[in-house]
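First the structure, in the form of structure tokens, and then the observations on it.
The values are calculated or read from the model by the stated rules, or taken from the named source; none is laboratory data. In this text, all values refer to a predicted model and were calculated from it rather than measured experimentally. With ideal geometry, Cβ positions are generated from the backbone for all residues, glycine too; neighbour counts draw on all protein chains shown. These area figures cover heavy atoms from the full protein model, side chains too; ligands, DNA and RNA do not enter into them. Shrake-Rupley method; radii C 1.70, N 1.55, O 1.52, S 1.80 Å.
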Amino acid sequence: MKQLDKKQYVIYSRKSKFTGKGESIENQIEMCRQYITMHFDEEAAESTLLFSF
């Protein structure tokens, strides 16, 4: 069986319920998408799975 080299990227973002501090979930997602675009490509960033809590 031939193995494909296609990678899947996942962004996991969350807001602290304990302190309420930290970056907004939307800002975390945008920063991660920018990182993926810079280091891989825009297609990878657009097809990224999102998990937000």
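Taking segment 37-49 as the range and being modelled with pLDDT under 95 and open to solvent by less than 80 Å² (accessible area, probe 1.4 Å) as the test, the residues that pass are 41, 44, 45, 47, 48. Quick check on segment 1-29: of everything there that is outside any loop (DSSP other than H, G, I, E, B) and open to solvent by 90 Å² or more (accessible area, probe 1.4 Å), which residue is modelled with the highest pLDDT? Within segment 1-29, the match that is modelled with the highest pLDDT is 12.
Residue pairs whose Cβ atoms lie under 8 Å apart, separated by 6 or more positions or on different chains, with the first residue in segment 28-53 and more than 19 Å from residue 15 (Cα to Cα) and without any contact (Cβ under 8 Å) to a residue 60 or more places away in the chain and the second of a type in the set (S, T, N, Q) and open to solvent by less than 100 Å² (accessible area, probe 1.4 Å), are 36/48; 44/37; 45/34; 45/37.
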